[in-house]
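Before any comments, here is the structure.
The values are calculated or read from the model by the stated rules, or taken from the named source; none is laboratory data. A quick note: this is a predicted structure, and the numbers were derived from the prediction, not measured. As a convention, Cβ positions derive from the backbone with ideal geometry for all residues, glycine included, and neighbour counts pool all protein chains shown.
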Amino acid sequence: MVKLLYGNDVNEEIHNLLTYSRHKLYIYCPEMIIPENVREILLSKDVPGNDIRLLCSKDLDDDTDDFLSSATVSIVRSFPELSTCMYMNDDVAIMTDVPLVGLEGYHTGVMIYRKSEPLLYRSLMGEMGRIFHTATEIYEPELKGYCIACGREVIYNPGKPFCFECFKDLSIKYTDLREIVPENSFCHKCGKPAPVSFGRALCSDCYQVRTTNEDTEAKNTNEEMEQ
Ligand SMILES: [Zn+2]
Ligand SMILES: [Zn+2]
């Protein structure tokens with residue numbers, strides 16, 4: 001289904017799209033001004049495993065800059081040619097001229113439902129992805145992780161869950177890195193002591209959260225590739 005939005009419906013549906021996003025939330029607005037009620041929503045979605053992308057074309061004002069600089073996972077980029085607003089979550093997409101702060105007067109928008117219009121939805125997602133990939137980085141948070149062998153802080157990457165020193169030591173001892181099972185090991189994600197290994201670097205609690213989120217990510221990646 002494609003729904004045409006008129007007048008106040010535009011603001012209302014944008015707000016719904018933000019509120020009901022699950023793991024994916026793309027906000028593209030030439031001028032990125034984020035009102036207080038939207039900040040609360042963004043903060044609640046800004047958690048590891050979620051894919052949150054914000055794209056603007058104009059410089060951020062100091063206040064928005066401050067707010068976005070402390071994001072945990074949200075990626076903020078700039079694309080000078082952007083001159084319309086686009087919003088997307090896991091289920092719907094909206095194209096309109098109405099930014100996050102809303103606009104006075106009469107405005108329109110087009111809303112696309114993923115379930116009933118998968119081709120349109122994916123096509124728009126493909127285009128939003130293409131623009132985002134060519135855009136200039138403003139904020140690109142790096143997630144914090146822990147070395148599974150010594151517990152030291154490293155960049156989160158389950159495919160390489162060691163600090164440089166431990167990796168050096170262990171790769172001398174083991175020919176196959178998959179065999180590495182550190183004696184006193186730490187979860188790569190939460191840093192708590194836990195029986196983990198190179199093959200499975202997360203404790204059982206973190207592993208469950210990750211699997212749930214990755215199911216969605218894998219599905220999203222497939223869709224982007226289908227384009
Ligand atoms: Zn280490
Ligand atoms: Zn953990």
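Give the residue that is surrounded by the fewest Cβ atoms within 10 Å (Cβ to Cβ), with candidates limited to residues of the stretch 26-53 that are of a type in the set (Asp, Glu) and under 17 Å from the mean Cα position of the chain (by Cα). I'd like the intermediate steps shown before the answer.
So in the stretch 26-53, the residues of a type in the set (Asp, Glu) come out as 31, 36, 40, 46, 51.
Now drop any that are not under 17 Å from the mean Cα position of the chain (by Cα), which leaves 40, 46, 51.
Working: 40: 10, 46: 17, 51: 19.
Filtering the stretch 26-53 for residues that are of a type in the set (Asp, Glu) and under 17 Å from the mean Cα position of the chain (by Cα), the one surrounded by the fewest Cβ atoms within 10 Å (Cβ to Cβ) comes out as 40.
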Could you tell me whether residue 166 is surrounded by 15 or more Cβ atoms within 10 Å (Cβ to Cβ), assigned by TED's automatic domain parsing to the domain that holds residue 183, in a helix (DSSP H, G or I) and among the hydrophobic types (A, V, I, L, M, F, W, C)? yes
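For the structure I just gave you, tell me whether residue 20 is of a type in the set (Ser, Thr, Tyr), surrounded by fewer than 16 Cβ atoms within 10 Å (Cβ to Cβ) and modelled with pLDDT of 95 or more. Talk me through it step by step, then tell me what you get.
Values: of a type in the set (Ser, Thr, Tyr): yes; surrounded by fewer than 16 Cβ atoms within 10 Å (Cβ to Cβ): yes; modelled with pLDDT of 95 or more: yes.
Spelling it out, residue 20 is indeed of a type in the set (Ser, Thr, Tyr), surrounded by fewer than 16 Cβ atoms within 10 Å (Cβ to Cβ) and modelled with pLDDT of 95 or more.
Residue under question is residue 137, and the condition is that it be under 30 Å from residue 184 (Cα atoms) and either modelled with pLDDT of 95 or more or acidic (Asp, Glu) (or both); does it hold? Don't jump to the end; show me each part of the working.
Details: under 30 Å from residue 184 (Cα atoms): no; either modelled with pLDDT of 95 or more or acidic (Asp, Glu) (or both): yes.
Answer is no for this residue.
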Check the stretch 147-163 and report whether any residue there is more than 16 Å from ligand 2 (Cβ to nearest atom), surrounded by fewer than 12 Cβ atoms within 10 Å (Cβ to Cβ) and more than 17 Å from the chain's Cα centre (by Cα). yes
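Counting residues that are away from ligand 1 (no atom under 16 Å from the Cβ) and either touching a residue at least 60 places away in the same chain (Cβ under 8 Å) or farther than 23 Å from residue 65 by Cβ (or both), which strands (runs of 3 or more DSSP E) fully inside the stretch 81-155 reach at least 3?
Numbers: elements: 85-89, 92-96, 108-113, 136-139, 144-146, 153-155.
Passing ranges, in order: 85-89, 92-96, 108-113, 136-139.
Considering each residue of the stretch 156-181, count those that are among the small types (Gly, Ala, Ser) and more than 16 Å from ligand 1 (Cβ to nearest atom), and give that number. Let's see the steps before the verdict.
Filtering the stretch 156-181 down to residues among the small types (Gly, Ala, Ser) leaves 159, 171.
Going one step further and asking which of them are more than 16 Å from ligand 1 (Cβ to nearest atom), we end up with none.
Total satisfying the criteria: 0.
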Which condition number does residue 74 fail, the rest of (1) touching a strand residue (DSSP E or B) at 6+ places or on another chain (Cβ under 6 Å); (2) modelled with pLDDT of 95 or more; (3) closer than 30 Å to residue 189 by Cβ; (4) not β-branched (Val, Ile, Thr) being met? (2)
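Can you work out which of the residues in the stretch 169-205 that are hydroxyl-bearing (Ser, Thr, Tyr) and within 16 Å of ligand 2 (Cβ to nearest atom) is surrounded by the most Cβ atoms within 10 Å (Cβ to Cβ)? So that I can check it myself, show each step before the final result.
Within the stretch 169-205, the first condition is being hydroxyl-bearing (Ser, Thr, Tyr), and the residues that meet it are 171, 174-175, 185, 197, 204.
From what is left, the residues that are within 16 Å of ligand 2 (Cβ to nearest atom) are 185, 197, 204.
On the way: 185: 22, 197: 15, 204: 11.
Residue satisfying both the conditions and the ranking: 185.
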